[in-house]
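Input: a single structure, listed below in structure tokens.
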Amino acid sequence: MKKIMPALIVLFVVLTLAFSPGPKKGLKIFISVDMEGIAGVATGKECSSSGRDYDYFRKLTTLETNAAIEGALKAGATEILVRDGHGSKTNILPDLLHKKAKLLRGVTTRPENMMLGIDETFDAVIFIGYHAKAGTTEGVLAHTSSGNVIDLSINGVSLPEAGYNALIAGLFDVPVVFVAGDNWICQQVKDLFGEVDTFETKIGMGRNTELGLHPEVVRDKIRKEVSMCLGGPYQFKPYKMKPPYTMVLKVKKERDLYLGAEKIGEGEFKFTSSDLLEVIDAFNKMK
């Protein structure tokens, strides 16, 4: 009996290692990057090319993106596309970005915008540096695409940028699996998507007030969380709505009316289409 027990223990260890899930091979990951939710960012000037400290926060944005890339690679990713999604879309420093990722930068007039490059070949989407929607009182630099937007809803659901960007990914059956930003956007995406992994880079205490973690601590956590959620047994589902899609947009200052849209109140517009990208295009033109 004494000789049998060690043999059984060895057999158990061998079988455990053999059937334990390892890194998933061949994962293709899309990473959309904004700046307001990056660790340390508290003011608009810090993520604007006219700001004195913009270059410093560009570096932090790039390094935080690298943490997500490293986590994805550890989980088995073999192809990673990073979409620079903030402002001019030229914020990430190309020479500091991880060498195993491709970078898509520059402004587009296409409705995909922050999701330009997404298609059905991707396995998962990650949002880095995202922020809460317009009207979130304590959200750091909270807004929805522009400072002119009061609220955007589709099919009765009020959405942050993460919401309608996830819908775009959903058109291609690609789920959002991880979101990093302040505590307010983390809560908003959980309310929208259900199962999604998040990490709070800071606690929003007002538009320009944040209680933040050290950037290196944030990067370490993002690296680990991304690796775990991509390599784990989670059942992430694409975020979708059934067409037709009815957008209601409320703005501070009215723009020209998009063809097919109707004014339903002061600074309030409605547009319906069975094509989600047409709805997003209408939003972009009237925001």
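The values are calculated or read from the model by the stated rules, or taken from the named source; none is laboratory data. From a predicted model like this one, the values you see are computed outputs, not experimental measurements. All Cβ positions, even for glycine, are placed from backbone atoms using ideal geometry, and neighbour counts span all protein chains on display.
Which of the residues that make up the range 263-282 are in contact with a Ser or Thr (Cβ under 9 Å, 6 or more places away or on another chain) and either of a type in the set (Ser, Thr, Tyr) or in a strand (DSSP E or B) (or both)?
270, 271, 272, 273, listed by residue number.
Condition first: of a type in the set (A, V, I, L, M, F, W, C) and either within 29 Å of residue 175 (Cα to Cα) or loosely packed, with under 13 Cβ neighbours inside 10 Å (or both). Now tell me which residues in the range 237-268 satisfy that.
As a first pass, look at the range 237-268 and keep what is of a type in the set (A, V, I, L, M, F, W, C): 241, 247-249, 251, 257, 259, 261, 264.
Residues satisfying the conditions are 241, 247, 248, 249, 259, 264.
Can we say residue 118 is touching a residue at least 40 places away in the same chain (Cβ under 8 Å), buried (at least 16 other Cβ atoms within 10 Å of the Cβ), in contact with an Asp or Glu (Cβ under 7 Å, 6 or more places away or on another chain) and of a type in the set (A, V, I, L, M)? Can you show your working first?
Numbers: touching a residue at least 40 places away in the same chain (Cβ under 8 Å): yes; buried (at least 16 other Cβ atoms within 10 Å of the Cβ): yes; in contact with an Asp or Glu (Cβ under 7 Å, 6 or more places away or on another chain): yes; of a type in the set (A, V, I, L, M): yes.
Considered against the rule, which asks whether it is touching a residue at least 40 places away in the same chain (Cβ under 8 Å), buried (at least 16 other Cβ atoms within 10 Å of the Cβ), in contact with an Asp or Glu (Cβ under 7 Å, 6 or more places away or on another chain) and of a type in the set (A, V, I, L, M), residue 118 comes out as yes.
Going by what's in this entry, would residue 248 be described as modelled with pLDDT of 95 or more and in a helix (DSSP H, G or I)?
So residue 248 does not fit the description; no.
Just the residues that are surrounded by 19 or more Cβ atoms within 10 Å (Cβ to Cβ) and more than 26 Å from residue 79 (Cα to Cα), please, taken from the range 201-233.
202, 204, 210, 212
Would you pick out the residues in the range 26-55 that are touching a helix residue (DSSP H, G or I) at 6+ places or on another chain (Cβ under 8 Å) and of a type in the set (Ser, Thr, Tyr)?
Across the range 26-55, the qualifying residues are 32, 48, 54.
Among the residues of the range 81-96, which ones are surrounded by fewer than 22 Cβ atoms within 10 Å (Cβ to Cβ) and either in a helix (DSSP H, G or I) or among the β-branched types (Val, Ile, Thr) (or both)?
90
When you go through (1) crowded, with 24+ Cβ neighbours inside 10 Å; (2) outside any helix (DSSP H, G or I) one by one for residue 172, which number turns out not to apply?
All conditions are met except number (1).
Kindly indicate which of 129, 135 is over 18 Å from residue 68 (Cα atoms) and modelled with pLDDT of 95 or more. Give the derivation first.
Values: 129 fails: over 18 Å from residue 68 (Cα atoms).
Going through 129, 135 in turn, just one is over 18 Å from residue 68 (Cα atoms) and modelled with pLDDT of 95 or more: 135.
I need every pair where a residue in the range 131-142 that is closer than 18 Å to residue 212 by Cα has its Cβ under 6 Å from the Cβ of a residue that is surrounded by 24 or more Cβ atoms within 10 Å (Cβ to Cβ) and of a type in the set (A, V, I, L, M, F, W, C), sequence separation at least 6 or different chains.
Correct list of pairs: 131/185; 132/185; 139/132; 142/132.
Here is a list of conditions, (1) in contact with a Phe, Trp or Tyr (Cβ under 7 Å, 6 or more places away or on another chain); (2) closer than 18 Å to residue 116 by Cα; (3) buried (at least 24 other Cβ atoms within 10 Å of the Cβ), and residue 152 meets all of them except one; can you say which number that is?
With (1) in contact with a Phe, Trp or Tyr (Cβ under 7 Å, 6 or more places away or on another chain); (2) closer than 18 Å to residue 116 by Cα; (3) buried (at least 24 other Cβ atoms within 10 Å of the Cβ) applied to residue 152, the lone miss is (2).
Does the range 177-193 contain at least one residue that is out of contact with any helix residue (DSSP H, G or I) (no Cβ under 6 Å at 6 or more places or on another chain), crowded, with 18+ Cβ neighbours inside 10 Å and in a loop (DSSP other than H, G, I, E, B)?
No: zero hits.
Of all residues in the range 25-55, how many are among the basic types (Lys, Arg), closer than 26 Å to residue 71 by Cα and surrounded by fewer than 16 Cβ atoms within 10 Å (Cβ to Cβ)? Show your work before the answer.
Going through the range 25-55, the residues among the basic types (Lys, Arg) turn out to be 25, 28, 45, 52.
When the remaining residues are screened for being closer than 26 Å to residue 71 by Cα, the result is 25, 28.
Keeping just the survivors that are surrounded by fewer than 16 Cβ atoms within 10 Å (Cβ to Cβ) gives 25.
Total satisfying the criteria: 1.
Inspect the range 204-218 for any residue being of a type in the set (Lys, Arg) and without any contact (Cβ under 8 Å) to a residue 60 or more places away in the chain and give the result as yes or no.
Residues of the range 204-218 of a type in the set (Lys, Arg): 207.
Adding the requirement that they be without any contact (Cβ under 8 Å) to a residue 60 or more places away in the chain leaves none.
Among the residues of the range 204-218, not one is of a type in the set (Lys, Arg) and without any contact (Cβ under 8 Å) to a residue 60 or more places away in the chain, which makes the answer no.
Which ones in the range 238-287 are among the charged types (D, E, K, R) and in contact with a helix residue (DSSP H, G or I) (Cβ under 6 Å, 6 or more places away or on another chain)?
Answer for the range 238-287, where residues must be among the charged types (D, E, K, R) and in contact with a helix residue (DSSP H, G or I) (Cβ under 6 Å, 6 or more places away or on another chain): 240, 255.
Looking at 134, 162, which is the one that is in contact with a Leu (Cβ under 9 Å, 6 or more places away or on another chain) and in a loop (DSSP other than H, G, I, E, B)? Break it down into steps so the answer makes sense when it comes.
On the way: 162 fails: in a loop (DSSP other than H, G, I, E, B).
After applying the criteria, what remains is 134.
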